[in-house]
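J.: Structure provided below as structure tokens; questions to follow.
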There are 4 protein chains.
Amino acid sequence: MSLKVVRGRPRSEAVERAIIEGVMSLLEEGVSLGDMSIERIARTAGVGKATIYRRWKGKEELFVEVMRVTDEPDQELAGESVRDDLVVILEGIRRRGLAKRSSALLQSLLAQAKSYPQLWELYHAEVVARRRARVTEVLRRAVDKGEFRGDLDLSLMADLFTGPMLARTILSHDAPLPDGLSETIVDTVIAGLRV
Amino acid sequence: MSLKVVRGRPRSEAVERAIIEGVMSLLEEGVSLGDMSIERIARTAGVGKATIYRRWKGKEELFVEVMRVTDEPDQELAGESVRDDLVVILEGIRRRGLAKRSSALLQSLLAQAKSYPQLWELYHAEVVARRRARVTEVLRRAVDKGEFRGDLDLSLMADLFTGPMLARTILSHDAPLPDGLSETIVDTVIAGLRV
Amino acid sequence: MSLKVVRGRPRSEAVERAIIEGVMSLLEEGVSLGDMSIERIARTAGVGKATIYRRWKGKEELFVEVMRVTDEPDQELAGESVRDDLVVILEGIRRRGLAKRSSALLQSLLAQAKSYPQLWELYHAEVVARRRARVTEVLRRAVDKGEFRGDLDLSLMADLFTGPMLARTILSHDAPLPDGLSETIVDTVIAGLRV
Amino acid sequence: MSLKVVRGRPRSEAVERAIIEGVMSLLEEGVSLGDMSIERIARTAGVGKATIYRRWKGKEELFVEVMRVTDEPDQELAGESVRDDLVVILEGIRRRGLAKRSSALLQSLLAQAKSYPQLWELYHAEVVARRRARVTEVLRRAVDKGEFRGDLDLSLMADLFTGPMLARTILSHDAPLPDGLSETIVDTVIAGLRV
DNA sequence: GCCTAACCGAGACGGTACGTCACGTCTTTTA
DNA sequence: TAAAAGACGTGACGTACCGTCTCGGTTAGGC
């Protein structure tokens, strides 16, 4: 049934891990994404350049992989209260921004990715799309139940919630996002959307 | 008493213009910011590399200058209606994103800047800050007049308006932002902020 | 009783031929020895690299093998006239240089080998030694019969004949070696050696 | 009068020397021409790769330059005796082969060049041509004076003298060329050419 | 009407990295 | 055990830019 037969020596998973961990350890040393050349990553991982290029087209693709590996999964939604679900989603964004997790790694990766381009886009093509789908789903429920106005584009409504949080995440280098932020945003915007 | 006298040959303004126009013409040829090396810019402008470095520290700084030169000024606010002022500001953001202006130049510069590194930051350090100040000023008026709730952080309130627009500007590559967008956002958020 | 049994899969002669013919066909396509990598030969022959390395230590050895296979055998010497035998031997050198044979293969192989490294040495370690032995044998006869002076080193005398022909073969890229060349050389040098 | 104006920073002669001396010192360390990469030469000379490529197209050209620099000039010919002039020329070839000079450098360079191809050709395109011209000139005198037969091609006659010496120089890795060699060759061949 | 300092173009310079290629070895499946 | 396939660490290829540094040659004041 399976046609694509594996031929030749298979790619080593150990090598794959070594590369990704090489990027991580450089990140932990404080090396910026811009200063991180393929050559240096290969040197750090004890790996040939070609071995990296065999797997990824370039730096960006590799970084996306690292983010994917490092990223925490979306949180489960309770599904009972629209308001609470939205807060959970926004908290997810905020947490990603803060990188509250033990390792300082994701923190620096995200911190740099936002002022680093294509990467940010490539990564968010996934994350943003997934998030938008989640928000949209919640909003659809609210509209269907008659809680929210039905005359607005769902995707725009989604941005009314996530946009402010993203703006703060991306544009503010300094201030840590305060704790009640998600609730405040959700409650305020909901007030404007309520029927 | 002792005046710092300018000695030696003064810097040529013509050269300065030539460099900036060199960048612009490369931009118009569709050269991406990433592919635009100092070396190439110098070649295009018929200028020595050192002449560029004498004026700017590197590519980024030069690009910021080009944006500054190219950018249109903020629009005057009427100051009568809070709602109308906010719409004007949001339209400004949208227009910048769309780069509706005649020249295709700003369009491509902005289009790429957002998928480009520190430039985006550097530039927005100015634009974002200026914009936030403008929005904050308008909001303060509304709060003072008792139109809006006074219990919220002004800066957060500002992001409630600009965040959605920014999210759409930055994250959506494809869809052109529709015409009534600013009004919809402003009206909806205002509804949630109204006392 | 106990027979030394060959264990495992025996080496395929077909594979051996495929490799050598791979080299030849690349040669016919005009690929230079320098541009002919083991990797490419393996690809052309439809063979794994290891299969080549199992048989030869490297490119050079393989090329020597190809030359050996391709080379024409030394011509039989009549043994009657010293002069005629020398002419036959020189003609052999000239023919090798010209590669007058039907196939264009040896031509290009030889043409390049001379402007190629160790191969030339390795190959000539055989060919040159064999040739020198042949010439020396003929000369010894002449000396013994009293036809030639006996005070010279036989190996030097050999070079008096073959040297000029080699010089022309190796150093002249352009001029085709004329037909009467061997006779002229032999007759002239003999005149100097005659008792 | 001089039209070609020097523009830009001129190439440093010091750098040029450093590169050539880098090659020489590697040679003295016993590094073979084949193992001598541009990268390594640049490292040794403390120079960027581009600086080498700016001056020479590749390894071969660089090596030719090194040979040229290292090579000793042709010896003056007395012009009185044809026999003596020929001996002087042949001695020149022999000396080059032996590299009798103090430094072991030319020795190893020549030793390797002969089993190294294009280089040998490139270099000898000059040396051989120059030498052939010198020999031919001497021979022409002999023919004109009626000392030598006039029915032979001058270039062939030249090879009758230089060919044997070259053959011994190139093909014998081992034996040092004996002292009286040039005289023996010249006297023997002259005997065959005498009218 | 010089003097002199800074500017200008050109391009050399030591580096670093690019992405590709081949080296010779190794590891896998299949025969 | 051989064979085809292809991954692996290594290291060189030749090119492009980096940011700095000379060059010869302008171009302004200040003297």
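The values are calculated or read from the model by the stated rules, or taken from the named source; none is laboratory data. Computed from a predicted structure; not experimentally measured. For neighbour counting, all protein chains shown are included, and Cβ atoms are generated from backbone atoms with ideal geometry for every residue, glycine included.
J.: Report, ordered by the first and then the second residue, all pairs with beta carbons closer than 7 Å, sequence separation of six or more or different chains, a first member in region C:44-55 that is near DNA strand E (Cβ under 7 Å from one of its atoms), and a second member that is of a type outside the set (A, V, I, L, M, F, W, C).
T.: C:Lys49/C:Glu39
J.: Let me ask you something else. Please list, ordered by residue number, the helices (runs of 4 or more DSSP H) wholly in region B:1-56 having 1 or more residues that are polar (S, T, N, Q) and surrounded by fewer than 15 Cβ atoms within 10 Å (Cβ to Cβ).
T.: B:13-28
J.: Sort out which residues of region A:16-25 are in contact (Cβ under 8 Å) with a residue 24 or more places away in the chain and either within 11 Å of DNA strand F (Cβ to nearest atom) or of a type in the set (Lys, Arg) (or both), and write them in order of number.
T.: Residues satisfying the conditions are A:Glu16, A:Ala18, A:Ile19, A:Gly22.
J.: Can you say whether C:Gly79 is within 16 Å of DNA strand E (Cβ to nearest atom) and on the phi > 0 side of the Ramachandran plot, as far as the supplied structure shows?
T.: No; evaluated as a whole, the condition is false for this residue.
J.: Regarding C:Ser182, is this residue over 16 Å from D:Thr169 (Cα atoms), at pLDDT below 65 and of a type in the set (Ser, Thr, Tyr)?
T.: No: the conditions fail for C:Ser182.
J.: Among the candidates D:Glu28, D:Glu60, D:Glu72, D:Glu13, single out the residue that is within 14 Å of chain C (Cβ to nearest Cβ) and more than 9 Å from DNA strand F (Cβ to nearest atom).
T.: Result: D:Glu60 is the single residue among D:Glu28, D:Glu60, D:Glu72, D:Glu13 that is within 14 Å of chain C (Cβ to nearest Cβ) and more than 9 Å from DNA strand F (Cβ to nearest atom).
J.: Under the condition of being acidic (Asp, Glu) and under 19 Å from the mean Cα position of the chain (by Cα), which residue from region C:20-46 is modelled with the highest pLDDT?
T.: C:Glu21
J.: For residues in region D:59-79 being part of a loop (DSSP other than H, G, I, E, B) and at pLDDT below 90, which is surrounded by the most Cβ atoms within 10 Å (Cβ to Cβ)?
T.: Filtering region D:59-79 for residues that are part of a loop (DSSP other than H, G, I, E, B) and at pLDDT below 90, the one surrounded by the most Cβ atoms within 10 Å (Cβ to Cβ) comes out as D:Asp71.
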